[in-house]
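Here is the structure we will look at.
Every number in this text was worked out from the coordinates using simple rules, so none of it is lab data. What you are looking at is a predicted structure, and each value in this text was computed from that prediction instead of being measured. Glycine also receives a Cβ, built like all others from the backbone with ideal geometry; neighbour counts cover every protein chain displayed.
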Amino acid sequence: MTRTYLVTGANSGFGRLVTQKLIARGDRIAALARRPEALDDLANSAGDRMIRLHMDLTDKASIDAAIKKAFDRFGRIDVVLSNAGYGTFGAIEELTPDQIRRQIETNLTGTVLFTRSLLPHLRSQRGGRILQVSSEGGRISYPGFSTYHASKWGQEGFVGAVAQEVASFGIDFCLIEPGPTETNFLTGIDMGERIADYDGTPTAQLRDALRSGGFDVPMGDAAKMAAEMLALADAETIPLRVAMGSVAFDNIERELKSRLALIQTQKDLAYRCDQTSNGHRP
């Protein structure tokens, strides 16, 4: 059955790959991007099954207008792939206030405003699925990616709460958590200005690896991940979170085991902080 999708960040990375697959299988697509002209080649092959729309996640009016035009054109949206965003790298002192602000406004505030604008339409049609592209960086932390992690951890907390708010309306969410992947994410990172005192630190070592491409880890296959995203779009039920790539799985599993072990050591302290009248005991 032909369905209708709304894809953000459709001009590159996962957004473009998913859009290509949707066109190939005959679905309808509202493709949103800051530069919709970059979608001309895909639009030519899709014909009237695809609409290209401008959207800037840092501009609420742009968000609202794009979503309204998508629903005006198709009437109903079945699945949303919320994929727009980018990364900033640098020790926090190396980043300017503008870099910090743009990172949070795009990845986190933009996602919040986009979702808020989208939900009344999905609620009125009593259904819809939102695939939110997060990152393994929404569950673990690397030096130099502090503001990126802040945005992705924020996305994860936000989606976890909103998923509970709207489940009774037939709306469900899935946070997609890719590991390192050969997309344009790494080449599009906004780098901070180097401070020499950080030379030799883990932040500087990771910066060198980013610039040289010297990552000795299994890289994720973006096309395979895009195919799995479509499988999630089509599934009867979906989990709230899905790791993609062996690096993401291994890193998230290691982090969760470490956090669980740590919290277990704090049980007595935590319970001692209750009022005794509550009757709780370790």
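Given R₀ = 22 Å, FRET efficiency for Arg73-Asp41 by Cβ-Cβ distance, to 0.05?
Values: r = 20 Å, r/R0 = 0.92.
About 0.65, to the nearest 0.05.
Counting only residues 5 or more places away or on other chains, whose amide H sits under 5 Å from the amide H of Met55 once H atoms are built in the peptide plane?
Amide H neighbours of Met55, under 5 Å, 5+ apart: Ala33, Arg34.
With charges only on Cβ, +1 for K and R and -1 for D and E, what is the dipole size of the chain about its Cα centre, in debye, rounded to 20? Each step should come with its number before you reach the end.
Numbers: 33 positive and 35 negative charges, 198 e Å.
For this selection, approximately 940 debye.
Distance in nm between label sites at Met1 and Glu93, each 7 Å beyond Cα in the beta-carbon direction?
5.9
Report, in cubic angstrom per residue, the convex hull volume of the C-alpha atoms of the range 4-248. Walk me through the numbers on the way to the answer.
Values: hull volume 28.7 nm³, N = 245.
So the per-residue Cα hull volume is 117 Å³.
Can you give me the relative contact order of the range 159-252 as a percent, contacts being Cα pairs under 8 Å and 6 or more apart? Let's see the in-between values first.
On the way: 73 pairs, mean separation 45.8, N = 94.
That works out to 49 percent.
Along the charge dipole of the range 4-248, Cβ charges K/R +1 and D/E -1, which of Phe169, Gln132, Ser12 sits furthest on the positive end?
Phe169
Once you have a ≥ b ≥ c as the square roots of the Cα gyration tensor eigenvalues for the range 35-86, tell me rounded if a/c is under 1.5, and otherwise prolate or oblate according to whether a/b is larger than b/c. Before the final figure, lay out the partial values.
Numbers: a/c = 1.71, a/b = 1.20, b/c = 1.43.
Here the range 35-86 falls in the oblate category.
Which of rounded, prolate or oblate describes the range 83-221 when judged by the alpha-carbon gyration tensor and an a/c cut-off of 1.5?
Numbers: a/c = 2.90, a/b = 2.01, b/c = 1.44.
In terms of gyration-tensor shape, prolate.
Which GluC sites (Glu not before Pro) in the range 141-229 sit in a loop by DSSP (not H, G, I, E or B) and have at most 14 other Cβ atoms within 10 Å of their own Cβ?
Details: sites: Glu156, Glu165, Glu182, Glu193, Glu228; in loops: Glu182, Glu193.
Passing sites in the range 141-229 are Glu182, Glu193.
Mind ordering 263-270, 172-179 by average Cβ neighbours within 10 Å, highest first?
On the way: 263-270: 9.1, 172-179: 23.1.
Averaged packing, sorted descending, gives the order 172-179, 263-270.
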